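Below you'll find the structure, written out as structure tokens, and then a few comments.
The values are calculated or read from the model by the stated rules, or taken from the named source; none is laboratory data. Quick caveat: nothing in here was measured; it's all calculated off a predicted structure. Because the Cβ atoms are built from the backbone with ideal geometry, glycine has one as well, and the counts that use them run over all protein chains shown. The protein model used for the area step is the full one, side chains on, heavy atoms only, and it has no ligands, DNA or RNA in it. Shrake-Rupley method; radii C 1.70, N 1.55, O 1.52, S 1.80 Å.
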Amino acid sequence: MSAEVKANVKKLTDELKETHNITPGLAVVIVGDDPASRVYVNNKKKACEAVGFMSEEYALPAETTQEELLSLVETLNNKESINGILVQLPLPKHLDDKAVIEAISPLKDVDAFHAVNVGKIMLGEYDFLPCTPAGVMEMLHSYDIPVEGKECVVIGRSNIVGKPMGMLLLHENGTVTICHSRTKNLAEVCKRADILIAAVGIPKFVKANMVKDGAVVIDVGMDRDENGKLCGDVDFENVKDKCSYITPVPGGVGPMTIATLMKNTLKACKLQNNID
Ligand code: NAP
């Protein structure tokens with residue numbers, strides 16, 4: 001599915017180059033040397049190449065100051081060839097994530113983390129959707145899995161996944177429950193779900209006894225198991241036979257997130273150039 005989305009973005013990008021002589025540009029900023037962040041940034045750069053975007057990487061040392069980072073964001077806000085700005089999170093502890101996100105122009109905020117874009121999502125009138133929840137919705141649509149009237153349970157309430165995920169399901173008339181670390185009787189709540197979305201960050205957290213027979217299970221987690229191997233928040237091997245659908249890790253949500261980032265960058269480029 002992610003390959004299909006990217007192929008479509010490439011087609012539209014080729015058309016844009018031909019009709020308007022414009023190439024979408026994405027700037028990716030990474031601070032420090034977190035190995036997971038490095039992998040994500042490399043994947044985003046590769047995706048840009050695959051769809052024909054121009055991409056610029058700004059790899060800053062871990063000791064970068066807040067002022068230096070804000071100054072770079074300001075430069076990118078004003079740079080015409082850059083349509084999307086992505087600051088890879090988490091930032092080193094001495095930097096203020098929130099202030100950096102708020103410094104990005106909402107029109108170039110292709111992650112949709114800026115308060116303006118978050119507010120628009122709440123109202124259901126958005127230009128960009130946050131990449132991970134939007135990728136999940138695209139999977140549901142693509143497999144003709146209806147959300148309307150379904151019990152949807154999201155585990156996790158982060159600003160980047162859990163909360164917007166709940167909101168997108170609500171926009172499509174799901175009956176949404178968002179769980180977190182203080183939720184009581186979590187297994188029982190999860191077992192009600194027709195659609196269960198795990199965004200917890202704990203390896204193999206969702207066990208078979210938390211899943212209803214025939215449920216759709218979407219695993220957002222990108223965790224490491226006891227052997228350091230990439231795995232999800234769902235105990236895939238023991239859960240898979242209970243589900244009607246389940247997404248794997250690796251694969252599944254991760255590649256869809258990157259594909260959505262490409263869609264958002266193309267959209268940002270068109271918006272900034274007043275092209276429909
Ligand atoms: P996060 O900010 O750490 O949030 C985790 C959420 O899980 C919090 O709301 C927390 O509750 C909740 N939680 C923690 N322990 C719990 C427990 N025992 N029972 C119920 N809820 C619990 O994480 P995130 O940024 O949303 O990311 C979640 C996972 O998705 C991570 O594995 C991350 O790597 C992955 N991820 C993947 C992609 C992708 O592209 N595939 C993108 C983003 C993130 P409290 O709020 O009460 O603390």
Contact order normalised by length for region 122-181, with contacts defined as Cα pairs under 8 Å and 6 or more residues apart; what percent is it? 38
Share of alpha-carbon pairs per 5 Å distance bin for region 230-276, given as whole %: 5, 18, 18, 14, 11, 10, 9, 8, 6, 2
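Report the FRET efficiency, 1/(1 + (r/R0)^6), for LYS46 and ALA187, where r is their Cβ-Cβ distance and R0 is 30 Å, rounded to 0.05. Please report the intermediate quantities before stating the final value.
On the way: r = 39 Å, r/R0 = 1.30.
The formula returns an efficiency of 0.15 here.
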Just grab the label-to-label distance for GLU102 and MET1, each label 7 Å out from Cα along the Cβ direction, in nm (one decimal). 3.5
Per the charge dipole of region 1-131 (beta-carbon charges, Lys/Arg positive, Asp/Glu negative, Cα centre), the residue among CYS48, LEU89, VAL118 reaching farthest to the positive end is CYS48
Hey, rough spin-label estimate for ASP276 and LEU70, points 7 angstrom out along Cα→Cβ, what's it come to in nanometres? 4.1
For region 65-87 and region 10-55, distance of Cα centres in Å: 16
How long is the chain along each principal axis, judged by its Cα atoms, biggest number first, in Å? 52, 43, 34
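Which whole-number percent of Cα pairs in region 141-244 have a distance greater than 19 Å?
It works out to 39 percent of all Cα pairs.
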For the chain, what relative contact order do you get, as a whole percent, if you take Cα pairs closer than 8 Å and at least 6 residues apart? 18
Go ahead and collect, in residue order, the members of region 222-244 whose backbone nitrogen is under 16 Å from a label point 7 Å along the Cα-Cβ direction of VAL39. 222-234
MET1: accessible area at probe 1.4 Å, nearest 10 Å²? 70
Please work out, to two decimal places, the log10 of the ratio I(q)/I(0) at q = 0.12, 0.14, 0.21 Å⁻¹ from a Debye calculation in which every Cα of region 1-155 carries one identical scatterer. -0.61, -0.82, -1.47
In nm, spacing of pseudo-spin labels at ASN227 and LYS240 (7 Å Cα→C-beta vector): 1.5
Work out the FRET efficiency for THR175 and ALA62 from their Cβ-Cβ distance, taking R0 = 45 Å, and round it to the nearest 0.05. 0.50
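Rounded to the nearest whole Å², what accessible area per residue is found for the chain with the 1.4 Å probe?
Working: 13430 Å² over 276 residues.
Per-residue value: 49 Å².
Once the piece of chain linking GLU15 and MET122 is laid out straight, how much longer is it, given 0.36 nm per residue of separation minus the C-alpha distance between them?
35.3 nm
Taking each full run of DSSP H in the chain as one helix, which ones are at least 27 Å long along their axis (Cα atoms) and have mean Kyte-Doolittle hydropathy of at least -0.5?
Details: long enough: 253-272 (28 Å, 0.36).
Helix filter hits for the chain: 253-272.
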Point-charge dipole on Cβ atoms (K/R +1, D/E -1) for the chain, about Cα centre, debye to 20: 500
Between region 115-131 and region 142-158, what's the alpha-carbon centroid distance in Å? 18
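Could you check how much of the accessible area of the chain is carbon and sulfur, as a whole percent, using a 1.4 Å probe?
Values: 7010 of 13430 Å².
For the chain, the apolar C and S fraction of the accessible surface comes to 52 percent.
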Below 8 Å, C-alpha to C-alpha, sequence gap of six or more: please give me the relative contact order for region 1-72 in percent. 38
